[in-house]
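Take a look at the structure set out below.
The values are calculated or read from the model by the stated rules, or taken from the named source; none is laboratory data. What you see is a predicted model, and the numbers here were worked out from it, not measured in a lab. We place every Cβ from the backbone using ideal geometry, glycine too, and count neighbours over all the protein chains shown.
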Amino acid sequence: MENRILLFFTGCFTLLLSSCLGSDDNNDYVIGKNCQISAFSMTHDSISGLSTTQFTIDQLNGRIFNTDSLPYGTKVDKVVLTVSYASSISVGAVQVIQEAVGDTIYWNSKDSLDYSKPVTFIITAYDGVTKKVYDTRLNVHQIEPDSMVWSLQNSSLPGEGVVSRKVVPFTVEEEEFYYMYTEEPDGNHLYVASSGKQESWLAETLTGLPEETVYWAQLTEYEGLLYVPASNQKLYRSGDGKNWTAVSDSPTILALLGAVKEETTAKKPSALAVIATVEGSSRFACMDKSGVWYEGNAVPEKFPMTGFAPLSYNLMYRERLLLAGGKTKDGTTLADVWATMDGVSWALTTSSAMFTAREGAAVAKYDTAFFMIGGLDAEGKALKDIYRSIDNGLSWIVSDTLVIMPEEYNARGYSSMIVDNKTNYMYLFGGKGANSANDSKELWRGRINRLGFGR
């Protein structure tokens, strides 16, 4: 009886011991094959913020990388890594292949690595068989983010012997088009292209315009309609850009200055600003969207009458219109900026020659600044410089080497500049190398590199 009891307990102990040993063997088997990286970070004495850079670990494809690239020019040749594993006791050996230096080493977790090119991690588990390979990269922007890159998109814009050219965006049934108006030896022409296909232009028929010269440089969109003045001192209007009629109740128009948008918060009406002849004198005037005209002050002698560059913008929730450069009535070329909030009261905001005197400059809001490109100087010489203003036209500085026109771009004035806010591209259509020259057939496109990241 005692022997039976002893045998029973001996058998139970043996079974329990076998079970425990089997369990330990199973854990060793699992742990011994788990060699995945679970966390990955970097530090560098000279790279501020590297320690907080987030890395994505793609276990399925064996990739580790930072989604947000480091700034252009960052030196990443001596990077210290902190790597954690899903089971640290399972990792037997770690080899790294540094593509930049062309070697393979057993990594001791302390040696710095050269990440100017990808680094491959080969992790071998304790079983000596199981391996996990990771392609690791420290992404750095390969282009200067604040540099502006230009390219010639088209060298055969439509029109022959074009005297003047003006391109404006125009929306038809919620689709945006570019309308190109030209003055050619046989008269005025219209060419239309989708805003995304500037290489394909369709000729359209124009009606209602006078035989006299149409001042296409002053073409303005106002409240969904297009307006343009002519040398017969009348103002013309079109709802579709093709069929035009004279604005019957307008005053005698000397110049169309631009548009002031409506202020919805302040309930201030929009205005189409002009210079008109009133009782023999030149005065500011404007028309609201209902067609009512208002008169303003007399036009100062140093106010531009031609060649000015208009820009509508919003400042401190107030809509404004500015004019940069241009020529006075007596032919003086200006280096001034004038601005208005109502179309009839104008103020000189810049008169300290922060940019050289010019007519026919191209002005637009781009990125976080106002851009002024090119024009013709007081001697009629074509320009290709870029000025920028970060304070809404109060001060201007000439752009540095990162944002300049390329060497192959010929200096010119009277280009049409359009900014595509969807793609962040700036377009320059045509332009003239001199007042007596024909308009160029070129279309240039430029963009600051960082505005294209992620697109």
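What residue, of Leu334, Leu315, is hydrophobic (A, V, I, L, M, F, W, C) and surrounded by 19 or more Cβ atoms within 10 Å (Cβ to Cβ)? So that I can check it myself, show each step before the final result.
Details: Leu315 fails: surrounded by 19 or more Cβ atoms within 10 Å (Cβ to Cβ).
Leu334 is the lone residue from the list that is hydrophobic (A, V, I, L, M, F, W, C) and surrounded by 19 or more Cβ atoms within 10 Å (Cβ to Cβ).
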| task | Would you be able to say whether some residue in region 413-421 is touching a residue at least 24 places away in the same chain (Cβ under 8 Å), out of contact with any Leu (no Cβ under 9 Å at 6 or more places or on another chain) and part of a strand (DSSP E or B)? | result | yes
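Which residues, taken from region 51-70, are surrounded by 14 or more Cβ atoms within 10 Å (Cβ to Cβ) and part of a loop (DSSP other than H, G, I, E, B)?
Residues of region 51-70 surrounded by 14 or more Cβ atoms within 10 Å (Cβ to Cβ): 53, 55, 57, 62-66, 69-70.
Across region 51-70, the qualifying residues are Thr53, Gly62, Ser69.
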Considering region 71-122, residues that are surrounded by 14 or more Cβ atoms within 10 Å (Cβ to Cβ) and basic (Lys, Arg), and then whichever is nearest to Thr53 (Cα to Cα), we arrive at Lys78
Within region 161-201, of all residues that are at positive phi and either at pLDDT below 95 or in contact with a Pro (Cβ under 7 Å, 6 or more places away or on another chain) (or both), the one surrounded by the most Cβ atoms within 10 Å (Cβ to Cβ) is Gly161
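Surrounded by fewer than 22 Cβ atoms within 10 Å (Cβ to Cβ) and closer than 17 Å to Ser147 by Cβ, is that true of Phe453?
On the way: surrounded by fewer than 22 Cβ atoms within 10 Å (Cβ to Cβ): yes; closer than 17 Å to Ser147 by Cβ: yes.
Taking the combined requirement at face value, the residue satisfies it.
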Going through region 340-354 in order, the residues found to be crowded, with 22+ Cβ neighbours inside 10 Å and among the small types (Gly, Ala, Ser) are Gly343
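Counting only residues that are outside any loop (DSSP other than H, G, I, E, B) and loosely packed, with under 14 Cβ neighbours inside 10 Å, which one in region 296-312 is modelled with the highest pLDDT? Walk me through it before giving the result.
From region 296-312, those outside any loop (DSSP other than H, G, I, E, B) are 296-298, 306, 309-312; that's our starting set.
With the extra rule that they be loosely packed, with under 14 Cβ neighbours inside 10 Å, the set shrinks to 297-298.
On the way: Asn297: 92, Ala298: 96.
Going through the qualifying residues, I end up with Ala298.
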Filtering region 260-277 for residues that are within 15 Å of Gly291 (Cα to Cα) and either buried (at least 22 other Cβ atoms within 10 Å of the Cβ) or touching a Lys or Arg at 6+ places or on another chain (Cβ under 6 Å) (or both) leaves a count of 6
Quick count over region 202-228, residues being exposed (fewer than 13 other Cβ atoms within 10 Å of the Cβ) and in a loop (DSSP other than H, G, I, E, B), is 5
Counted residues in region 355-386 being within 23 Å of Ser147 (Cβ to Cβ), surrounded by fewer than 21 Cβ atoms within 10 Å (Cβ to Cβ) and hydroxyl-bearing (Ser, Thr, Tyr) come to 1
Q. Is it the case that region 248-263 has a residue that's under 30 Å from the mean Cα position of the chain (by Cα) and part of a loop (DSSP other than H, G, I, E, B)?
A. yes
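Scan region 339-373 for residues that are in a strand (DSSP E or B) and within 19 Å of the chain's Cα centre (by Cα) and jot them down. Don't jump to the end; show me each part of the working.
Going residue by residue through region 339-373, those that are in a strand (DSSP E or B) are 339-340, 346-350, 359, 362-366, 369-373.
Across region 339-373, the qualifying residues are Ala362, Val363, Ala364, Lys365, Tyr366, Ala369, Phe370, Phe371, Met372, Ile373.
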Within region 69-88, the residues that are out of contact with any His (no Cβ under 6 Å at 6 or more places or on another chain), without any contact (Cβ under 8 Å) to a residue 60 or more places away in the chain and either farther than 21 Å from Thr124 by Cα or of a type in the set (Val, Ile, Thr) (or both) are Lys75, Asp77, Lys78, Val80, Thr82, Val83
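Residues in region 319-327: is at least one among the charged types (D, E, K, R) and within 12 Å of Gly307 (Cα to Cα)? I'd like the intermediate steps shown before the answer.
Within region 319-327, the subset among the charged types (D, E, K, R) is 319-320, 327.
Add one more test, that the residue is within 12 Å of Gly307 (Cα to Cα), and what stays is 327.
So far as region 319-327 goes, yes, one or more of its residues are among the charged types (D, E, K, R) and within 12 Å of Gly307 (Cα to Cα).
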